[in-house]
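I have placed the structure first, in the form of structure tokens, so that the comments after it can refer back to it.
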Protein chains: 2
Amino acid sequence: MPLESPPTSLPLTRDSVLAAHELIKPHIHRTPVLTSRTLDGFASTPRSTTIEGIHNARSVDAGDAAKPKIGFVFKAENLQRGGAFKIRGATHALSHLTPLQASKGVITHSSGNHAQALAIASSSHIPPIPCTVIMPSISTPSKIAATKGYGANVVFSGSTAPEREAKVLEEQSKTGATLIPPYDHPWILLGQGTVALELIEQAEGVGRKLDAIIAPCGGGGLLSGIATACEGTGIKVFGAEPRKDGGNDCERGLRRGKRVEEVKTLTIADGLRTPTGVITYGIIEKKVEGVFSVTEWEILQATRLVLERLKVVVEPSAVVGLAVALFDEGFRKLVEEEGGEEGWNVGVVFSGGNTTVEMLGGVFGREEEFRGQQDELLRQVF
Amino acid sequence: MPLESPPTSLPLTRDSVLAAHELIKPHIHRTPVLTSRTLDGFASTPRSTTIEGIHNARSVDAGDAAKPKIGFVFKAENLQRGGAFKIRGATHALSHLTPLQASKGVITHSSGNHAQALAIASSSHIPPIPCTVIMPSISTPSKIAATKGYGANVVFSGSTAPEREAKVLEEQSKTGATLIPPYDHPWILLGQGTVALELIEQAEGVGRKLDAIIAPCGGGGLLSGIATACEGTGIKVFGAEPRKDGGNDCERGLRRGKRVEEVKTLTIADGLRTPTGVITYGIIEKKVEGVFSVTEWEILQATRLVLERLKVVVEPSAVVGLAVALFDEGFRKLVEEEGGEEGWNVGVVFSGGNTTVEMLGGVFGREEEFRGQQDELLRQVF
């Protein structure tokens, strides 16, 4: 018996995102936007030029290299409540529960940022909503402690998807709790899309009317939500994915004209290992201008630039959009052609900052390994 | 022949800090303030309780442990231009040069954040001011490149103080450049003090009228400037130092009633290895409520909390103030006694964020070593 998401007839339109924003605004942070002359300079330098050993990540002949002009506006959702944009969708979902549903609680089987966000949103709801999180019993103790710390009732399961789903059904049969899925649901994606409304407004506040927004694509909730939010604004929306082990399932799906249903990747962008959902993929196919993918080494370079230059902490998943703008010649040619001499102002969503010094130490310790894989990943045909 | 600092008759008063702020405001960032319920909670829990393995850094009996109530307001000078508060003093110094002095340029022999700040302030001055930085020829290439990248003329010297000073005199005899010292000068300390004016105002903006401010103390420019800025406001000012190898020279000086003139410490808080200056020490002695010191392990724990919880990048030197509030029982007792049930709102200056993933990896790799030194450093009599 498959899990049932709560039914809804919310239209997937910009108006629905605007309405979602009104609902969740009092409960989320309006995270700041950041700008950086240094990163604008890097992005606006042809990749045939080496800047501090970084820019030559993919070999490009001087004559061929794209010459885009890019002005970044970074939306720091790593500084959001719970350390990621996920609180937007979770809070929005809760706002649509009936009092009876709310009294019976909510349940999820994600063990990442979505679970933490749902726990925070539920416990700070007035009145509080009981929240159950199904976690594999092999989860790291710190993750279990953190989820409990946010007020969730943690129930253990086996680590495969069927085991986790069976446990959800078992719990639901006891409590009648409503399943809040991590991305593939209108409530969630419309909530995530609210980040674009703030970004567009804040970019104007710093004198940069946006031409484009790039966002990471894992399950696709954030990307499809942003694309929905931008409809009719003239702002082009792009997705970014890790390329390793075919982690670029959305990009591959779009190329072959059919959603990729399964992915197994060990990319360091661990928030983006999930395949794009059914609803989210449908929206992305229609409303997103293009999806690009980057290598592990490129993700690491972007992470380093954000940590060392912008001085904010991001998880590797959060910077795939920046990596696309810095390294993907396809995207960069597009900016050169469409933006011309004026260039493009590009909004980049930093999706989250939930990492530890140990995790960062671990990925940067693998820098040489990633550099070695660089060519192999770039040769990959898909 | 000793180096000569430019003469000035600026009074060392709050009014001078207010005037400095008007002068430099257009050229610096008004950096944001950050708050954190999590860190407030840690600081407001008696240290006899273990929180995530951190709080028991110094062993305290349950009955004796201080029970302060602390509400933090963090001033993020790590997000300042050049990555540190130093741009404030440098910009202020330049604003006092005569056109003739400015045309002959400025010179300094610091190779840390002050040199970079002076280079940035000089090159963005209108018209630009030539800036020479004397650096030991053994400096790391990345540091040399960065200083040049900010527009400075780098001149190499030997690595001892006399060698560097001789080179300053030699350059000055050629160009007539004005020496801008890193901390022990009214222009500098009054400029650094402007950070307190913003912090006090921004704290009120988030509903937290400050009772105290804690700032790191290396050469003492920042601390003496803040103490000057707070005169007459009723806000108590405290200093924080690393304890390792007697790096707490200001604290030791105050105890014995005489400035400590020399220090040789390898603390990870490398921005605080300098002894307090003559002018700055005099101000601190009069206007600062107390100076406290913390161990390497405590500095590392505070660094981790800021990176993982606040999600901003700080250098270890930047968080000694937070470490004092979390771990020093003397400071904590004071807050308990003076703050009572209402507690204290404590402004903490994060002084800078100039570090790299390699440096952070290096210090966190030494965590166990620091844990082992913890008791030894705490037993130290001074």
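Structural remarks
- Leading residue by the ranking (most open to solvent (accessible area, probe 1.4 Å)) among those in segment B:228-255 that are among the small types (Gly, Ala, Ser) and out of contact with any Ser or Thr (no Cβ under 8 Å at 6 or more places or on another chain): B:232
- Verdict on residue B:298 being of a type outside the set (Lys, Arg), open to solvent by 10 Å² or more (accessible area, probe 1.4 Å), away from chain A (no Cβ under 12 Å) and at negative phi: no
- Residues that are surrounded by 17 or more Cβ atoms within 10 Å (Cβ to Cβ) and either out of contact with any helix residue (DSSP H, G or I) (no Cβ under 9 Å at 6 or more places or on another chain) or over 16 Å from residue A:3 (Cα atoms) (or both), drawn from segment A:156-165: A:164, A:165
- Restricting segment B:89-128 to residues that are part of a helix (DSSP H, G or I) and hydroxyl-bearing (Ser, Thr, Tyr), the residue that is most open to solvent (accessible area, probe 1.4 Å): B:103
- Looking across segment B:149-190, the residues that are in a loop (DSSP other than H, G, I, E, B), under 15 Å from residue B:110 (Cα atoms) and of a type in the set (Gly, Ala, Ser) come down to B:152, B:158, B:159.
- Those residues of segment A:284-295 which are of a type outside the set (A, V, I, L, M) and either open to solvent by less than 10 Å² (accessible area, probe 1.4 Å) or under 17 Å from residue A:354 (Cβ atoms) (or both), in sequence order: A:293, A:295
This table checks each residue for (1) more than 23 Å from the chain's Cα centre (by Cα); (2) buried (at least 24 other Cβ atoms within 10 Å of the Cβ); (3) in the same structural domain as residue A:139 (by the TED database).
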{"residue": "A:167", "(1), (2), (3)": "yes, no, yes"}
{"residue": "A:173", "(1), (2), (3)": "yes, no, yes"}
{"residue": "A:195", "(1), (2), (3)": "no, yes, no"}
{"residue": "A:201", "(1), (2), (3)": "no, no, no"}
{"residue": "A:214", "(1), (2), (3)": "no, yes, no"}
{"residue": "A:218", "(1), (2), (3)": "no, yes, no"}
{"residue": "A:226", "(1), (2), (3)": "no, yes, no"}
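- All positions within segment A:343-382 that are in contact (Cβ under 8 Å) with a residue 60 or more places away in the chain, away from chain B (no Cβ under 14 Å) and closer than 13 Å to residue A:244 by Cβ: A:373, A:374, A:377, A:378, A:380, A:382
- Residue B:77 fulfils the conditions (1) surrounded by fewer than 21 Cβ atoms within 10 Å (Cβ to Cβ); (2) in contact with a Ser or Thr (Cβ under 6 Å, 6 or more places away or on another chain); (3) closer than 17 Å to residue B:28 by Cβ except for a single criterion, (1).
- For segment A:318-329, the criterion of being touching a helix residue (DSSP H, G or I) at 6+ places or on another chain (Cβ under 8 Å), within 14 Å of chain B (Cβ to nearest Cβ) and among the aromatic types (Phe, Trp, Tyr) is satisfied by no residue at all.
- Residue in segment B:302-314 that is more than 14 Å from chain A (Cβ to nearest Cβ), open to solvent by less than 30 Å² (accessible area, probe 1.4 Å) and in contact (Cβ under 8 Å) with a residue 40 or more places away in the chain present: no
- Boolean, residue B:146 is assigned to a helix (DSSP H, G or I), open to solvent by 20 Å² or more (accessible area, probe 1.4 Å) and closer than 16 Å to residue B:271 by Cβ: yes
The values are calculated or read from the model by the stated rules, or taken from the named source; none is laboratory data. No experiment lies behind these values; they were computed from the predicted model shown. Cβ atoms come from the backbone with ideal geometry, glycine included; neighbour counts cover every protein chain shown. SASA here: full protein model, heavy atoms, side chains in, ligands and nucleic acids out. Shrake-Rupley method; radii C 1.70, N 1.55, O 1.52, S 1.80 Å.
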